[in-house]
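Comments concern the structure below.
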Amino acid sequence: MEIDPRGPRLSAVITTIVLAVVLITGSAWLLAAQVAVFAVGALAGLRYAPYCLVYRYLLRPRLGPPARTYSPRPISAARSGRRPRWSSSPPSSAHRAALPGRSWARWRAWWRA
């Protein structure tokens with residue numbers, strides 16, 4: 001199943017606006033509503049996420065077909081469980097001094113993996 005990238009983008013815009021309003025007003029009810037939206041999307045999947053449903057039934061019929069569709073699966077680096085090669089460099093000597101001996105050894109083993 002391929003998805004139209006404009007649906008998740010609309011969801012991101014609406015979520016940003018809702019969370020900005022929550023920060024400005026301090027509304028616990030609005031925050032709870034946004035948490036419920038997140039929960040429905042996480043438990044039911046992208047197909048049934050509330051903001052994606054708004055896009056699918058209200059906006060997409062009025063727009064042309066998307067130029068490109070995407071797979072909803074995560075990128076391969078996120079699926080592999082390994083550190084991507086472009087991640088941050090090893091800690092400096094000042095940071096190493098702050099790490100206990102065993103933590104530094106664990107981090108070094110992870111880095112070399």
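Bear in mind that the values in this text are calculations on the coordinates, not laboratory data. From a predicted model like this one, the values you see are computed outputs, not experimental measurements. Positions of Cβ are backbone-derived with ideal geometry, glycine not excepted, and every protein chain shown enters the neighbour counts.
Taking N as the number of residues in region 6-73, what is its Cα Rg relative to 2.2 N^0.38 Å?
Here the answer is 1.22, to two decimals.
I want the local charge near Tyr51. Using Cβ-Cβ distances under 15 Å, sum +1 for each Lys or Arg and -1 for each Asp or Glu among the other residues.
With Lys, Arg at +1 and Asp, Glu at -1, the neighbours total +4.
What is the sum of charges around Ser11, taking Lys and Arg as +1, Asp and Glu as -1, for the other residues whose C-beta is under 15 Å from the C-beta of Ser11?
+4
Let me have the relative contact order for region 6-73, percent, based on Cα pairs under 8 Å that are six or more residues apart.
33 percent
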